[in-house]
Amino acid sequence: MNERLQFRRLLRSFSYRFLDNELLSAEGDARQTMVHTLALIGALGVTLSLMYFYKYEFSEVPFSPAFRAVLAWSDREFLISLSMAVTGIIAVVLWDALFPDRRDCLTLSLLPVRSRTIFAAKLVSVLLMFLVVTAALNGPTSLFFPWIVLGDRASPGLLVRSMAAHVVALYAASAFVFFTMLALQGLLIGLLRFRQYKWISTWVQLAALVTFLSVFFFTPNIAQPERLADPAHHFATHIFPAFWFLGLYQELLGSGQPVVHELAGMARAAIAISGVLALAAYSLAYRRYVRKTIEEAEALAGTRRSGWTGAPRLLDRLLWMKPAERAVFHFAARTLARNRKHRLMLAIYGGLGLAYVFQSLGWLIHKGHTPRAQTFDISISAAPLILSFFILLGMRVLFTIPVEIEGNWIFRLTENGRPAEYLAAARKLMIAVGIAPLALGTFPIYGLLWGWSAAVRHLVLVLLILLVVVEFLVREFQKAPFTCSFLPGKANLKAKFGWYAVLFLVLAFAIGTVENVLVRTPAQYWKGVLALSLVLAYRAWRRHQWEGRLAGLMYEERANLVVSLDLGLSR
């Protein structure tokens, strides 16, 4: 086989495997997974285009051309910030896929394929994935947003120039984020020991995820010509990269303001520096990464003990009275803490919750409100509910994904015929990780803001609501965490993501509103507490009845492997 054909086949394999994720594709088909994932990303761009069309064309008072031109500055900054945030989140999710995994290193090293061919195919697949994802996200707005903003002034020449400026600015902003993440990963591989890199990279991913979300939601609303030129905003315009690429956008459109040229120069310097660093760091780190991967077995969390180390003996026996329950709890807690992929997935769920919270807090800050002035505001009081909801949902999904499926033999041999003990350990772990830290950690903050009496009432309601959520999440859950096989695509998130999003938004607003009303109105408070307690008691009773009928835990997912085609012949 010639080198060119080897390159094409390796490129095809590397490209499809970026999104070869069993949570997304019900059939496990990498091509189908990629198409559907890109379609979901592209749907965001279509939605934004429709939103801007409604904003500019269906306003109560028609926008003048001058007003459209000024209004478009903030919309361009939003699109740039969104593109940067989405690119950063995707780079975090695909962090491990940017370099060959252990299977690739071990397999390809035995084949008659040159190292330079493998390196070239992997590097091109990484760049190709960036281009495809960025095109899916920004393609719809690149076509429609310039035309929407120009309106009746949309001459062919001006429209082409606006589209070109839009594409260059948004692609450059996304490339800056992607190259920065690639350079960061390459530097970590080059500077750290391999086991140190494996241990610290998960925390770097989490920090990067929080950073991207924080920068997106806390970027100040100063994207207007006069505000960008205001000396009072000099620090903000130079510290937030979105303003650099907004300057590049406006310069390409022909703006002659000095602040625009200054910001555009910063954007060009940023993309050049990040691109050179990314290419150099990736090239230098690639060979070392492949060599160390072949030499060493992949370390899940380093040689150190990490995560849950066990409660004191007395507390341990009080909270987990039965030996089987105690053993399963510590097994699941340590597995969750030590497995870097599970930690990352849980961090992503937590990051989604942070995104929702940051959006609400960012709205308050942009409006000039303070937490004390907004007593019992949903944006503040619902924060522990939202974050805990996402963490609990993430834990429930992760419990079904095994770490080492061959290791479940110990559970098969020692199961004592009382599956309720094993299932109780899973619920208590969800409470210990997903509820207690946030509910108790925010209690002093609410006490200082609202007074301790209101904070106690808020804490009781939060705990009751979240305990009810746990009961519904573990409904008919019949597994010890991380011990059961998982059918590819069983979650089928690409089909259910929209429903999950709508359901969460409705529940988050409804629960937050009800909770604020109850806390504000003492006369209704005890009625709400009683109602939630009855719901919790009913769900616990139903669960107890169901667990009593269980014959044992589930260790193998069952699939319907025979499908009837109904091809009966008629006479």
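Going by the structure shown, is Q250 of a type outside the set (V, I, T), touching a helix residue (DSSP H, G or I) at 6+ places or on another chain (Cβ under 8 Å) and under 15 Å from S74 (Cα atoms)? Don't jump to the end; show me each part of the working.
Numbers: of a type outside the set (V, I, T): yes; touching a helix residue (DSSP H, G or I) at 6+ places or on another chain (Cβ under 8 Å): yes; under 15 Å from S74 (Cα atoms): yes.
Taking the combined requirement at face value, the residue satisfies it.
Pairs please, first residue from segment 523-549 and closer than 20 Å to L423 by Cβ, second anywhere and open to solvent by 60 Å² or more (accessible area, probe 1.4 Å), Cβ atoms under 8 Å, 6+ apart in sequence or on different chains.
R539/F472; R539/R475; R543/R475; W546/E476
May I ask you to list the residues in segment 85-103 that are assigned to a helix (DSSP H, G or I) and open to solvent by 20 Å² or more (accessible area, probe 1.4 Å)? Steps first, please.
To start, the set of residues in segment 85-103 that are assigned to a helix (DSSP H, G or I) comprises 85-93, 95-98, 102-103.
Within segment 85-103, V86, I89, I90, V93, D96, A97, R102, R103 qualify.
Could you say which residue among L466, L449, L459, L438 is touching a Leu at 6+ places or on another chain (Cβ under 6 Å), under 14 Å from P384 (Cβ atoms) and in contact (Cβ under 8 Å) with a residue 12 or more places away in the chain?
Values: L466 fails: touching a Leu at 6+ places or on another chain (Cβ under 6 Å); L449 fails: touching a Leu at 6+ places or on another chain (Cβ under 6 Å); L459 fails: touching a Leu at 6+ places or on another chain (Cβ under 6 Å).
L438 is the lone residue from the list that is touching a Leu at 6+ places or on another chain (Cβ under 6 Å), under 14 Å from P384 (Cβ atoms) and in contact (Cβ under 8 Å) with a residue 12 or more places away in the chain.
On the basis of being open to solvent by 70 Å² or more (accessible area, probe 1.4 Å) and assigned to a helix (DSSP H, G or I), does D152 make the cut?
Working: open to solvent by 70 Å² or more (accessible area, probe 1.4 Å): yes; assigned to a helix (DSSP H, G or I): yes.
Judged against the criteria, D152 is a match.
Are any residues in segment 132-142 over 20 Å from W73 (Cβ atoms) and either open to solvent by less than 20 Å² (accessible area, probe 1.4 Å) or touching a helix residue (DSSP H, G or I) at 6+ places or on another chain (Cβ under 8 Å) (or both), and if so, which ones? Quick ask: steps written out before the conclusion?
Residues of segment 132-142 over 20 Å from W73 (Cβ atoms): 132-137, 139-140.
Listed by number, the residues that qualify are V132, V133, T134, A136, L137, G139, P140.
Restricted to segment 216-247, and to residues that are under 16 Å from A69 (Cα atoms) and not polar (S, T, N, Q), which residue is most open to solvent (accessible area, probe 1.4 Å)? Let's see the steps before the verdict.
Pass one, segment 216-247, residues under 16 Å from A69 (Cα atoms): 222-228, 246-247.
Applying the additional criterion that residues be not polar (S, T, N, Q) yields 222-223, 225-228, 246-247.
On the way: I222: 6, A223: 1, P225: 20, E226: 118, R227: 89, L228: 8, L246: 1, G247: 3 Å².
Per the criteria, the residue is E226.
Looking at segment 155-180, which of its residues are among the aliphatic types (A, V, I, L, M) and either touching a Cys at 6+ places or on another chain (Cβ under 6 Å) or open to solvent by less than 20 Å² (accessible area, probe 1.4 Å) (or both)? Break it down stepwise before answering.
Let us first name the residues in segment 155-180 that are among the aliphatic types (A, V, I, L, M), namely 158-160, 163-165, 167-170, 172-173, 175, 177.
If the condition is that a residue be among the aliphatic types (A, V, I, L, M) and either touching a Cys at 6+ places or on another chain (Cβ under 6 Å) or open to solvent by less than 20 Å² (accessible area, probe 1.4 Å) (or both), then A165, A169, L170, A172, A173, A175, V177 are the ones that fit.
Of the numbered conditions (1) free of Cβ contacts under 8 Å to residues at least 12 places away in the same chain; (2) open to solvent by less than 30 Å² (accessible area, probe 1.4 Å); (3) more than 23 Å from S381 (Cα to Cα), E421 fails exactly one; give the number of that condition.
It is condition (1) that E421 fails.
Going by the structure shown, is A281 among the hydrophobic types (A, V, I, L, M, F, W, C) and free of Cβ contacts under 8 Å to residues at least 40 places away in the same chain?
Numbers: among the hydrophobic types (A, V, I, L, M, F, W, C): yes; free of Cβ contacts under 8 Å to residues at least 40 places away in the same chain: no.
Answer is no for this residue.
Filter segment 106-116 down to the residues that are farther than 16 Å from Y289 by Cα and in contact (Cβ under 8 Å) with a residue 60 or more places away in the chain, then identify the one that is surrounded by the most Cβ atoms within 10 Å (Cβ to Cβ). Spell out how you get there, then give the answer.
Residues of segment 106-116 farther than 16 Å from Y289 by Cα: 110-114.
Adding the requirement that they be in contact (Cβ under 8 Å) with a residue 60 or more places away in the chain leaves 113-114.
Numbers: V113: 17, R114: 12.
Only one residue tops the list, namely V113.
Here are A121, A169, A135, A164: which of them is in a helix (DSSP H, G or I) and under 24 Å from the mean Cα position of the chain (by Cα)?
Of the residues listed, the single one that is in a helix (DSSP H, G or I) and under 24 Å from the mean Cα position of the chain (by Cα) is A135.
As an exercise: evaluate V61 against (1) at pLDDT below 80; (2) farther than 30 Å from L187 by Cα; (3) in a helix (DSSP H, G or I) and give the number of the one condition it does not meet.
Here V61 clears every test but (3).
Tally up the residues in segment 260-282 that are closer than 15 Å to F240 by Cβ and surrounded by fewer than 20 Cβ atoms within 10 Å (Cβ to Cβ), please.
2
Can F477 be described as at pLDDT 75 or above, at positive phi and open to solvent by less than 20 Å² (accessible area, probe 1.4 Å)?
Values: at pLDDT 75 or above: yes; at positive phi: no; open to solvent by less than 20 Å² (accessible area, probe 1.4 Å): yes.
No.
Please go through segment 181-215 and give me each residue that is free of Cβ contacts under 8 Å to residues at least 40 places away in the same chain, more than 23 Å from F130 (Cβ to Cβ) and open to solvent by less than 30 Å² (accessible area, probe 1.4 Å), ordered by number.
Across segment 181-215, there are no qualifying residues.
Pick out the one residue from A278, A242 that is closer than 29 Å to R116 by Cα and either among the small types (G, A, S) or in contact with a Ser or Thr (Cβ under 7 Å, 6 or more places away or on another chain) (or both). Explain how you work it out, then say what you get.
Working: A242 fails: closer than 29 Å to R116 by Cα.
Exactly one of A278, A242 is closer than 29 Å to R116 by Cα and either among the small types (G, A, S) or in contact with a Ser or Thr (Cβ under 7 Å, 6 or more places away or on another chain) (or both), namely A278.
The values are calculated or read from the model by the stated rules, or taken from the named source; none is laboratory data. Every value quoted in this text rests on a predicted model; they were computed, and no experiment measured them. Heads up, the Cβs are rebuilt from the backbone with ideal geometry, glycines too, and the neighbour counts pull from every protein chain shown. What goes into the accessible areas is simple: the full protein's heavy atoms, side chains included, and nothing from ligands, DNA or RNA. Shrake-Rupley method; radii C 1.70, N 1.55, O 1.52, S 1.80 Å.
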